[in-house]
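Reading through the structure tokens given below for one structure.
Each value in this text was obtained by applying a stated rule to the coordinates, not by laboratory testing. Given the structure is predicted, the values throughout are model-derived calculations rather than measurements. Counting neighbours? That spans all protein chains shown, and the Cβs are built from the backbone with ideal geometry, glycine included.
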Amino acid sequence: MSDAIKYASSRPSRQWKKIRDAQTDDQKWYFFNSVFRLAQAIEKNNKSEIETWEYLVEQTMKKHPEYTKF
């Protein structure tokens, strides 16, 4: 299981949505939107969406590891 999936699975999607909506920085908003969408895909067990959002979350986590600490 990838770090992105572990991270997104750590909270329900509606909680990620609240975190996303609280962001004032556009880059962080886009990151948390990706995490929110990944969490939704996991809940729906939609494999193609999981792959897409997992990739985006992983890339952002590599580029900005500080976003995962809030």
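Looking only at segment 37-54, decide whether some residue is basic (Lys, Arg) and within 13 Å of the chain's Cα centre (by Cα). Scanning segment 37-54 turns up at least one residue that is basic (Lys, Arg) and within 13 Å of the chain's Cα centre (by Cα). Summed over segment 25-69, residues that are closer than 18 Å to PRO12 by Cβ and out of contact with any helix residue (DSSP H, G or I) (no Cβ under 7 Å at 6 or more places or on another chain) total 3. Residues in segment 20-34 that are more than 18 Å from GLU58 (Cα to Cα) and surrounded by 12 or more Cβ atoms within 10 Å (Cβ to Cβ): GLN23 alone.
Which one is surrounded by the fewest Cβ atoms within 10 Å (Cβ to Cβ), of the residues in segment 1-19 that are over 19 Å from GLU66 (Cβ atoms) and hydrophobic (A, V, I, L, M, F, W, C)? Taking the candidates together, the pick is MET1.
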